[in-house]
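One structure below.
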Amino acid sequence: MSTSTRPDTQTEIEAFQRGDESAFEAIAERYRPALRVHCYRMLGSFDEAEDLTQETLLRAWSKRESFEGRAKLRSWLYSIATNACLDAKDAIARRPATVAVHTNDGENEATTEITWLQPYPDALLDADPESAAIDRETIELAYIAAIQHLTPKSRAVLILRDVLEWSAKETAELLDTTVASANSSLQRAREAMREHLPPKRAEWPSGADASAAERELAERYLAASENIERDAWVKLLTEDARFSMPPELGIWVGAECMVDAWISGGLGDPDWGEIRIGVTRANRQLAFANYVRKPGDSEFRAFAIDVVRVADGRVSEILAFPANEFSAFGLPPTL
């Protein structure tokens with residue numbers, strides 16, 4: 001049995017409570033992946049999730065004598081992680097940014113965008129059997145972005161109840177509130193999520209069909225990107241496709257609007273450079289690592305990671321993340 005899912009032995013737990021560092025290190029590494037995913041859902045930032053997971057484990061070590069063994073160790077750690085995220089002052093203070101929406105008709109009414117959003121490498125999910133079983137709909141970027149529109153406590157309620165399947169009583173106790181208040185908060189959070197989540201979230205085929213469809217889509221994406229084919233790009237995108245570049249401000253809506261914006265920004269111009277792309281995965285979604293070789297350079301340099309959402313066999317959204325995300329994916333800075 002994998003050490004990430006092996007039950008904690010009473011001997012190991014007692015050793016941890018007595019201050020045995022080796023016992024704690026074994027427990028910490030077993031739960032780190034799941035705690036990191038939990039913190040990521042709460043914060044929307046992979047970097048912050050790493051930091052708050054470490055903070056969670058530090059708090060667990062300092063509070064080890066308070067673990068009485070009546071609750072499961074997993075639940076105790078999730079409680080500490082939730083409170084650590086709620087205590088993260090910078091995360092609590094920030095709010096979605098108001099940004100302009102660009103369409104073929106010009107600049108439309110402004111909307112809100114989560115500018116701190118970061119992708120989560122699938123390789124880190126696949127490395128842990130428990131994380132690998134995560135439902136795609138609770139880790140995909142659309143879900144992570146939508147939940148960031150909630151208040152931190154509402155986020156916690158929704159995750160604890162709908163993702164971790166805690167009872168209303170357990171959730172209320174952790175958040176120091178009443179069961180009635182926790183239930184009311186959950187209903188409001190579910191309603192808010194429906195407003196922010198995109199439609200058609202579950203239309204991608206499953207099993208072998210998904211693998212074949214994904215390969216075919218990836219081939220078309222690579223060809224359109226590396227050859228800078230405008231018509232191929234337009235055909236690859238849904239008519240109402242969206243493009244954004246967190247943490248940069250702005251959203252582009254519509255296949256033609258998106259492609260024209262890329263071309264007007266220099267894509268395809270010899271002075272802009274040559275593109276090479278590798279296929280990867282993030283948030284249980286298809287993703288592409290873009291490398292650019294500028295005129296006169298001998299190497300292709302990391303440029304952006306595109307995470308795509310698919311609807312009806314075409315790309316319905318592209319979120320492009322900067323080159324500093326490559327290291328989390330284990331991708332080289334140059335080719």
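Just so it is clear, none of the values below were taken in a lab; they were calculated from the coordinates. Note that this is a predicted model, so its numbers are computed, not measured. FYI the Cβ positions are ideal-geometry reconstructions off the backbone, even for glycines, and counts take in every protein chain you see.
Would you please give the residues with an amide H less than 5 Å from that of residue 282, counting only those at least 5 places away or on a separate chain, with H modeled from the backbone geometry?
Residues meeting the amide H criterion: 122, 287.
Straight-line reach from residue 153: which lysines have Cα under 25 Å away, leaving out those fewer than 8 places along the same chain?
Straight-distance partners of residue 153: 63, 72, 89, 169.
Quick one: Kirkwood hydrodynamic radius for the chain, alpha-carbon pairs, angstrom, one decimal?
Values: mean 1/r = 0.0462 Å⁻¹.
Hydrodynamic radius (Kirkwood, Cα only) of the chain equals 21.6 Å.
Trypsin sites (Lys or Arg not before Pro) within the stretch 17-77: which are DSSP loop residues with at most 15 other Cβ atoms inside 10 Å? Before the final figure, lay out each step's value.
Numbers: sites: 18, 30, 36, 41, 59, 63, 64, 70, 72, 74; in loops: 63, 70, 72.
When the trypsin sites (Lys or Arg not before Pro) of the stretch 17-77 are filtered for loop state and at most 15 Cβ neighbours within 10 Å, 63, 70, 72 remain.
Determine the distance separating the Cα centre of the stretch 134-151 from the Cα centre of the stretch 13-75; give it in Å without decimals.
Each part's Cα centre sits 23 Å from the other's.
Hey, can you grab everything whose amide H is under 5 Å from the amide H of residue 250? Only 5+ residues off in sequence or another chain; H modelled, so Pro and N-termini drop out.
Answer set, sorted by chain and number: 100.
Cα extents of the stretch 207-329 along the three principal axes, largest first, in whole Å?
44, 30, 27
Given the options 215, 242, 301, which has the most mean-square fluctuation in a GNM of the chain, springs set between C-alpha atoms less than 10 angstrom apart?
Looking only at 215, 242, 301, the largest GNM fluctuation is found for 215.
For residue 294, list the lysines whose Cα falls under 30 Å from its own Cα; do not include residues on the same chain fewer than 8 positions away.
Filter leaves 235.
Assign unit charges at the C-beta atoms only (+1 for Lys and Arg, -1 for Asp and Glu), then state the dipole size of the chain relative to its Cα centre in Debye, rounded to the nearest 20. All intermediate terms of the calculation are to be shown ahead of the outcome.
Details: 38 positive and 56 negative charges, 190 e Å.
In debye, rounded to 20, the chain gives about 920.
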